[in-house]
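The values are calculated or read from the model by the stated rules, or taken from the named source; none is laboratory data. Everything quoted here is computed from the prediction, not taken from an experiment. Cβ coordinates were reconstructed from backbone atoms using ideal geometry, including for glycine residues, and neighbour counts include every protein chain displayed. Protein only, heavy atoms only, side chains kept; ligands, DNA and RNA dropped before computing areas. Shrake-Rupley method; radii C 1.70, N 1.55, O 1.52, S 1.80 Å.
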Amino acid sequence: MLRLVDIVRQDVRFAWRGFMRAPGFLLVAVATLALGIGANSAIFTVVNAVVLRPLPYPQPERLVRVSGAFTALNLPDIGISPPELADYRDRSQLFDGIAGIYPINANLTEVDEPERVEVLLVSPSYFDVLGAAPQLGRLFGPEDNAPGITEVVVISDALWRRRFAASPAAIGRKLRIDNDWYTVVGVLPKAFRHPGRSLLTDVEVWAPANFRAAPFPVPPPRSGYFMSGAIARLAPGVSFEDAQQRLAAFGARLRAEYPNDYPARSGWAPAMVPLQEDLVGRVKRALLILCGAVGFVLMIACANIANLLLARASGRQRELAVRRALGSSRLRVLSLLMTESLLLAVIGGAAGMCLAVWLVDALVALVPAGLPRASEIAVDTRVLWFTAVVALATPFLFGVLPAWQSSGAGVHDALKEGSRGSAGGRRLLRSALIVAEFALALVLLVGAGLLVRSFWRLQRVDLGFDPHHVVTARLWLPQPNEPSTGPYFKHEPRVALYEEILRRARALPGVTAAAAAIALPLDARRGAATITIDGQESDATSRVPTVQTNVASAGYFELMKIRLQRGRTFTDGDDQRTQPVAVISASMARRYWPHEDPIGRRVHFGGPQSKSPWMTVVGVVDDVKGERIEDEPPPMLYRPLRQASNLLLSLVLKTEGDPRQVGAALAREVRAADPDQPTYGVKTMDDIVTAATASRRFATELLGIFAALALVLAAVGIYGVMAFLVGQRTREIGIRIALGAEPRAVVRLILAQALGLAAAGVIVGAIGAAALTRVLAGMLFEVGPTDPATYGGIAVLLAVTAGAAAWRPARRAAGVDPIVALRVE
């Protein structure tokens, strides 16, 4: 054992002295390794926090989100109703606990500056299901299970510090939220966050609700899907797969028991997904693809270092041969060479970890705002272990082949003056490594090229509106727990406030027009509704006519430059004293009146027996993009604000100058109209459009950076190989020139070799790319995973890169003096 330790110590000292004699080699090798390892560690830090790290609750693998779907209507996530929540809790025998969730806006008043906060109405069992504990005070218990909303709240650490200066005396204090007074009974830890999607920001207030009394519908209808879903904990011993099957069977029982509530033509079915998958499923694929891409960069870096080691070994053949001649076994020489590689890996891994800390900060600055669990991104023990494992694995990627080949050189051949005994083998291995580098680089470049082309096409999609010089802001009018006592319970005061705010907004300096709508383009807040079309009969098997709904003021379409195709838009005369009217989108006109003019036709909400008033279609406007730019616009029905107001409203202002300067002035005018009314979500429409493509931009930028890095590493690799080959063939080139070869012919010879290696890499890489880029299919837009233009362009780029990298060695070869070359040999 002592003998082994001495050997290792001796090899490490010898390796270090060798590196000190070649500081340039050490610097290049460590920098290359650090770049590859650091990039991998940084991306793994993000993947670890967002995808791999379990949710911070006891037994998180048993947590699921329960919702519903209208499969026949292609509506995958409709939420659940209070009766369904009770059925899942009391009759399904699947869950150890279940809690309904209902995120809402609310106004926090009776403070110096009214503000909008995000409130989550939850079943009292919510915190028990998650296994949460308070930082201060208590959480909800059986005493908070009132029919409607119990007027106690648990608040976030951020709100506690902002409103109560982190004082323990906050427990028992009152908060006025939407004109109701709530008692603060608990404060959550700083790390606690609602494990689900929220409206705009992190949830800051939790209030217990039973969802069976005001302000909710009474009695609660089975088809009232206002809750966004439920969080549940599976019963002990019940696997997720078993629970899915039993939940599907339970859904069939409910459909049989309540056929009127679950008509066959809607295809209602319960749905369940693991809570972590529900939270991160939308970004999981993109992050894993980036993780694989940066792994390719590390492999290219290792190939480059292997080439460096081969080049270094060519100058050490005599040294190694002398060792063999003096009695060292091949295994002993191999051990020495692998110790050098291991030492490189340790130094490169340490440098890579330092680089990763900086890269993580840069990545956090780049991640899109909606990335789940982004606040948890940080270097932790798992990241350190990952970095250590990757660093210790790299010697086997870049060191084994060079060490094996160098240790096996024949003593006689190596000691012969001018011998080339092993040069051919090294040349073949170096060429193979370059082919591998170019193949890996092509895969990355093709993936990046496909994403870039998709993003370019996405930027040129017709949105249906003009976002330039438009600023937006949101309003939420307070709704107390007894809605009829609120100042904006009735339609008239709501409209009066909105009209006053719009009047003041139009008078602001730089504002040329002002209008309002409930939902803005590229907003997920539109409501979905079934409709009945006058004159179109339907039976139990017909597909239910379904549209998305919106409410807009007069002038909205003109301000947003949404083109009117036929008829008219809303005017100030469209109020409650006149016949209800609607403006529909072009896609709604095509779907429900494909061969006729919809102007003058009538529709109402609900089924044929509904008492909803008939609305007359007065106009058809262009389609406007919905939640995602890449999706086809859904059928849309607009109603006039003066006929169908709502507690939620979005203001839109057209400006002459920089729209960002209007936000503060608009907030003052809103406060002048109602001192307790805050504005929130102030953004320009350009910002909203940018945010709609933020996740795509993030993936495209990172993959583009990795591809560019791979291209640079491949270029450096082929430069090194060409320079090495020129050095090895100095005598041959000198003879060629002495026999009359033109310098241009020598240049062509070297360039041809470089382009041959690149061509082989392109062929191998194209095969791999055709298989691997199919995983990008879900991230592409109007571009196929085997797009010929992308493959052709990348192949040309790699050929040009190979030629450029080999140009200087080729020129050096053309300038060889035959006399000097023959004298050297």
Note to self: Within the chain, which whole H helices from DSSP have a Cα span along their axis of at least 15 Å and a mean Kyte-Doolittle hydropathy of 1.0 or more, if any?
What the structure shows: 23-47, 275-314, 330-366, 381-398, 423-459, 694-728, 743-772
Next item on the list: Mark the label point 7 Å from the Cα of residue 91 along Cα→Cβ and return the residues of region 234-263 whose backbone N is within less than 16 Å of it.
Entry: 246-263
Checklist line | Set 625/654; 284/654; 190/284; 490/625; 561/683 screened for pairs whose C-alpha atoms are more than 27 Å apart | finding: 284/654; 490/625
Check: Two-decimal Rg/Rh of region 103-164 from alpha-carbon positions, Kirkwood Rh?
Finding: 0.97
Check: Once the principal axes of the Cα atoms of the chain are found, what is the range along each, listed largest first in whole angstroms?
Finding: 106, 63, 57
Check: Across bins of 5 angstrom width beginning at 0, how are the C-alpha pair distances of region 512-641 distributed, in whole percent?
Finding: 2, 10, 21, 25, 21, 13, 6, 2, 0, 0, 0
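Provide the percentage of antiparallel DSSP beta bridges, counting only those with both residues in the chain; round to the nearest 5.
On the way: 69 of 87 bridges.
Expressed as a percentage, antiparallel bridges in the chain total about 80.
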Next item on the list: Could you provide, to the nearest whole Å², the per residue accessible area of the chain with probe 1.4 Å?
Entry: 44
Margin query: Modelling each spin label as a point 7 Å along the Cα-to-Cβ direction, I'd like the residue 461/residue 591 distance in nm, to one decimal.
Written below: 1.7
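Give me the Kirkwood hydrodynamic radius of region 578-706 in Å, from all C-alpha pairs, to one decimal place?
Result for region 578-706, one decimal place: 18.5 Å.
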